[in-house]
Amino acid sequence: MAGLKQRSVGIVMNGVTGRMGYRQHLVRSILAIREQGGVRLPDGTVVWPEPILVGRNEAKLAAIAKDHGLDNWTTDLDAALADPAAEIYFDAQVTSRRVEGVRKAVAAGKHIYTEKPVAEDVGTALELARLAASAGVKVGVVQDKLFLPGLLKLKRLVDGGFFGRVLSVRGEFGYWVFEGDWQEAQRPSWNYRSEDGGGIIIDMFCHWRYVLEDIFGPVRSVQALAATHVPERVDEGGRPYACTADDAAYGIFELDGGIVAQVNSSWATRVFRDELVEFQVDGTEGSAVAGLRRCRVQHRSVTPKPVWNPDLPATEDFRGQWQDVPDNAEFDNGFKAQWELFLRHVVADGEFPWDFLAGARGVQLAELGLRSAHEGRRIAVEPLSL
């Protein structure tokens, strides 16, 4: 980087021994940013992230550090936060431990970037937002789905007026998570224990809040049905345990403009679709189906005229009647792209709208979704403020 001004930024990364913290945030984001030569600012300055690995398992931390040529790691969060070179605290711990870490980071005067949900309840999420605002630190919450190529294309269609008036959104997310007995589970066991902050509503409704809001408009009401379809699983140590959290949720959300969104989320469904998550959007002028990467459209002018006849086999290739939306851009890893935005936000005051209040709105929708499922009724979603 000869001739370039380098600005090193120490990042306390708490929870890097976990699946998301390690794969998406350390390897595919921070280390990938270092491999590309840092983050270039408009004035030519290069932001260079310096990770400080934090976790509870010393052996795992040491192995990760050795594998990636890193030498700054510790099991002592307080010591890491006391490092004057550390400017950012990042939290990818289990949800039940996040609040404690964030509070310590605020007290230490660090800027904070965290996985969602930012807290287990909306009251605590708002408290953290107020603490951070009072301390004058910059904050952000991971909202990775907005950076998926398929949803970026969908957003492009909405902004370009392709749909005319949007009528409805239908989302399908999920896959079969093995129970852990005869095949290893793809998700950690705490996900299925409510006492440990688990459950698909607290996990996924936070995502659906920002996806629906950023692409279509504010969520005004929620009605949800929660289920625990698989009542017993086997944990990482081979021990059976009772599942106390929901592993499937069926939600209906009313958005501004009369848009109705239906989103099914399940860890107990087998995939018969092109991608693990898909959204179909229907509008007066056209429709689209967007997944993780692909987005296909059918305009009003080329919409066929199917006729219902259960006495004859279908002869139309319905999927073949849709057209792919071109990339027209290079799409980076969504976690990495948002990390770059947050680094620019911290160093150069770049725009970053996904703050703790945005995170609290996600927690609010999850909390109201659980309440709706418990009470069996539709519940209004009121605006939040600090």
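Among the residues of segment 151-166, just one is in contact with a Ser or Thr (Cβ under 8 Å, 6 or more places away or on another chain) and either aromatic (Phe, Trp, Tyr) or not assigned by TED's automatic domain parsing to the domain that holds residue 256 (or both), namely 163.
Of the candidates 62, 82, the single residue that is of a type outside the set (Asp, Glu), surrounded by fewer than 17 Cβ atoms within 10 Å (Cβ to Cβ), assigned by TED's automatic domain parsing to the domain that holds residue 338 and closer than 21 Å to residue 102 by Cβ is 82.
Restricting 54, 39, 16 to those that are crowded, with 17+ Cβ neighbours inside 10 Å, modelled with pLDDT of 95 or more and farther than 22 Å from residue 337 by Cα reduces the list to 54.
Summed over segment 25-75, residues that are free of Cβ contacts under 8 Å to residues at least 40 places away in the same chain and in a strand (DSSP E or B) total 3. Buried (at least 16 other Cβ atoms within 10 Å of the Cβ), more than 19 Å from the chain's Cα centre (by Cα) and over 30 Å from residue 239 (Cα atoms), is that true of residue 125? Considered against the rule, which asks whether it is buried (at least 16 other Cβ atoms within 10 Å of the Cβ), more than 19 Å from the chain's Cα centre (by Cα) and over 30 Å from residue 239 (Cα atoms), residue 125 comes out as no.
Is it the case that some residue within segment 85-106 is assigned to a strand (DSSP E or B), crowded, with 19+ Cβ neighbours inside 10 Å, in contact with a Leu (Cβ under 8 Å, 6 or more places away or on another chain) and hydroxyl-bearing (Ser, Thr, Tyr)? Yes, the conditions are met somewhere in segment 85-106.
Total residues in segment 88-97 satisfying the condition of being modelled with pLDDT of 95 or more and among the charged types (D, E, K, R): the figure is 1.
Does at least one position in segment 219-227 carry a residue that is of a type in the set (D, E, K, R), in contact with a helix residue (DSSP H, G or I) (Cβ under 9 Å, 6 or more places away or on another chain) and surrounded by fewer than 22 Cβ atoms within 10 Å (Cβ to Cβ)? Yes, the conditions are met somewhere in segment 219-227.
Taking segment 343-359 as the range and being in a loop (DSSP other than H, G, I, E, B) and either acidic (Asp, Glu) or under 17 Å from the mean Cα position of the chain (by Cα) (or both) as the test, the residues that pass are 349, 351, 352, 353, 354, 355.
Scanning segment 1-28 for residues that are touching a strand residue (DSSP E or B) at 6+ places or on another chain (Cβ under 9 Å), more than 14 Å from residue 65 (Cα to Cα) and of a type outside the set (Val, Ile, Thr) yields a total of 8.
Going through segment 207-244 one residue at a time, which ones are out of contact with any strand residue (DSSP E or B) (no Cβ under 9 Å at 6 or more places or on another chain) and not acidic (Asp, Glu)? Across segment 207-244, the qualifying residues are 237, 238, 239, 244.
Check residue 205 against each of (1) assigned to a strand (DSSP E or B); (2) touching a residue at least 60 places away in the same chain (Cβ under 8 Å); (3) surrounded by 19 or more Cβ atoms within 10 Å (Cβ to Cβ) and name the one condition it does not meet. Exception for residue 205: condition (1).
Yes/no matrix, rows are residues, columns are (1) among the hydroxyl-bearing types (Ser, Thr, Tyr); (2) buried (at least 18 other Cβ atoms within 10 Å of the Cβ); (3) in contact with a His (Cβ under 6 Å, 6 or more places away or on another chain); (4) assigned to a loop (DSSP other than H, G, I, E, B):
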{"position": "153", "(1), (2), (3), (4)": "no, yes, no, no"}
{"position": "178", "(1), (2), (3), (4)": "no, no, no, yes"}
{"position": "184", "(1), (2), (3), (4)": "no, no, no, yes"}
{"position": "195", "(1), (2), (3), (4)": "no, no, no, no"}
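Of all residue pairs spaced 6 or more apart or on separate chains, those with beta-carbon atoms under 6 Å, a first member in segment 84-95 that is more than 19 Å from residue 188 (Cβ to Cβ) and a second member that is at pLDDT 95 or above and surrounded by fewer than 22 Cβ atoms within 10 Å (Cβ to Cβ) are 85/10; 86/10; 87/9; 87/10.
The values are calculated or read from the model by the stated rules, or taken from the named source; none is laboratory data. As the structure is a prediction and not an experimental result, all values here were calculated from the model. Virtual Cβ from ideal backbone geometry, glycine too; neighbours counted across all protein chains shown.
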